[in-house]
Structures are given as structure tokens and as C-alpha cells.
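Structure first, then comments.
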Amino acid sequence: MEAILASLGSGFPTLILHFSVTLTILVVGIFAYQAITPYRELQLVREGNTAAAIALSGAILSLAIPLAFCMAFSVNVVDIVVWGVVTLLIMLAVYRLIDFLLKDLPARITNGEIGAALLLSSVKLSVAAITAAAVSG
């Protein structure tokens with residue numbers, strides 16, 4: 001039992017540090033995502049726009065998945081920050097690519113088009129899974 005408590009005592013501060021850094025990167029990523037979208041998804045969600053809820057949920061998950069892998073496979077905080085920023089940039093670029101391919105994505109989300117939101121979220125989550133695998137390799 002002493003070994004377990006000693007391990008917890010020495011590992012817990014590192015866990016809290018890594019968790020806090022990763023969560024901070026996620027929050028920054030969500031704000032950055034919302035800054036590059038010309039519509040306010042959270043406001044649209046509050047107004048009952050399901051497409052916006054799907055798009056925002058997909059964005060949050062697609063940012064969190066690679067960050068979780070960054071944290072799990074990192075050797076230190078700098079590693080988390082470097083790879084975390086790289087994964088965030090990839091995910092923000094994915095939004096721009098889908099916006100370009102779908103033509104007028106902001107209007108589609110604002111108008112509540114579920115299909116556009118599902119496609120956007122699916123592509124983001126797919127790229128997030130691939131990115132997570134890449135950073136863990």
C-alpha cells in the first residue's frame with residue numbers, strides 16, 4: 001500500500017500538470033476554431049440550431065482526440081505543447097478545406113442544414129483519428 005501511495009504522490013503532480021496543459025490547449029483550440037468560423041455556433045446552439053450543435057460537437061471532439069493522444073504519448077510538457085499546437089493547426093485547416101469543398105458552409109450551418117454539419121463533423125473526426133494515430137506512432 002505504501003508503494004501505491006508513494007507512486008500516487010510522485011505521479012499526481014505530473015498528471016495534473018499534463019492534464020492542465022492539455023485542457024488549456026483544448027480551450028485555446030475551441031476559441032481559435034470559433035474565431036475562424038464566421039458564425040457563432042454557441043449562440044446558434046442556444047437558439048436551437050441542431051446543425052450548429054453537431055458542427056461544434058464535432059469540432060470539440062476533433063480537437064480533443066489528438067490532444068488526448070499527445071498527452072498519452074508525450075514525454076514532457078513541451079512535447080504536449082508542440083504536438084498539441086500541430087494537431088490544432090491541422091484541425092483548423094480541415095475546417096477551411098471542408099468549407100471550401102462544400103461551398104458556403106457557414107450559411108448551411110446557420111440555416112440548420114444537418115447534412116452539411118454531419119459531413120463536416122465526420123471529416124473532422126476522421127482526420128482527428130488519423131492525426132491521433134500519427135502523433136502516437
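Being closer than 16 Å to Ser126 by Cβ, touching a residue at least 24 places away in the same chain (Cβ under 8 Å) and not hydroxyl-bearing (Ser, Thr, Tyr) is the filter here, so list the residues in the range 69-95 that pass it.
Initial filter on the range 69-95 (closer than 16 Å to Ser126 by Cβ): 69, 87, 90-95.
From the residues that got through so far, the ones that are touching a residue at least 24 places away in the same chain (Cβ under 8 Å) too are 69, 87, 90-92, 94-95.
Of everything in the range 69-95, those that are closer than 16 Å to Ser126 by Cβ, touching a residue at least 24 places away in the same chain (Cβ under 8 Å) and not hydroxyl-bearing (Ser, Thr, Tyr) turn out to be Phe69, Ile90, Met91, Leu92, Val94.
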Problem - Which numbered condition Gly115 misses (of (1) of a type outside the set (A, V, I, L, M); (2) in contact (Cβ under 8 Å) with a residue 40 or more places away in the chain; (3) assigned to a helix (DSSP H, G or I); (4) loosely packed, with under 12 Cβ neighbours inside 10 Å) - result: (2)
Problem - Residue satisfying all of: in the range 37-62; under 14 Å from the mean Cα position of the chain (by Cα) and within 16 Å of Leu97 (Cα to Cα); surrounded by the most Cβ atoms within 10 Å (Cβ to Cβ) among these - result: Ala55
Problem - Extreme residue, surrounded by the fewest Cβ atoms within 10 Å (Cβ to Cβ), among residues of the range 65-99 that are over 18 Å from Pro13 (Cα atoms) and among the hydroxyl-bearing types (Ser, Thr, Tyr) - result: Tyr95
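Given Val21, Val27, which one is of a type in the set (A, V, I, L, M, F, W, C) and surrounded by fewer than 17 Cβ atoms within 10 Å (Cβ to Cβ)? I'd like the intermediate steps shown before the answer.
Details: Val21 fails: surrounded by fewer than 17 Cβ atoms within 10 Å (Cβ to Cβ).
From the options Val21, Val27, the qualifying one is Val27.
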Exercise for the section: Pick out, from the range 1-112, the helices (runs of 4 or more DSSP H) lying fully within it that include 3 or more residues that are in contact with a strand residue (DSSP E or B) (Cβ under 6 Å, 6 or more places away or on another chain). Expected result: none
Completion exercise
So, first residue in contact (Cβ under 8 Å) with a residue 40 or more places away in the chain in the range 46-64, second residue surrounded by 13 or more Cβ atoms within 10 Å (Cβ to Cβ) and of a type in the set (Lys, Arg), Cβ within less than 7 Å, six or more apart or across chains; the pairs are Gly58/Lys124; Ala59/Lys124; Ser62/Lys124
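A short reminder: the numbers here are calculations on the coordinates, not readings from a lab. These numbers come from a predicted model, not from an experiment. Note that we place each Cβ from the backbone using ideal geometry, even for glycine, and neighbour counts take in every protein chain shown.
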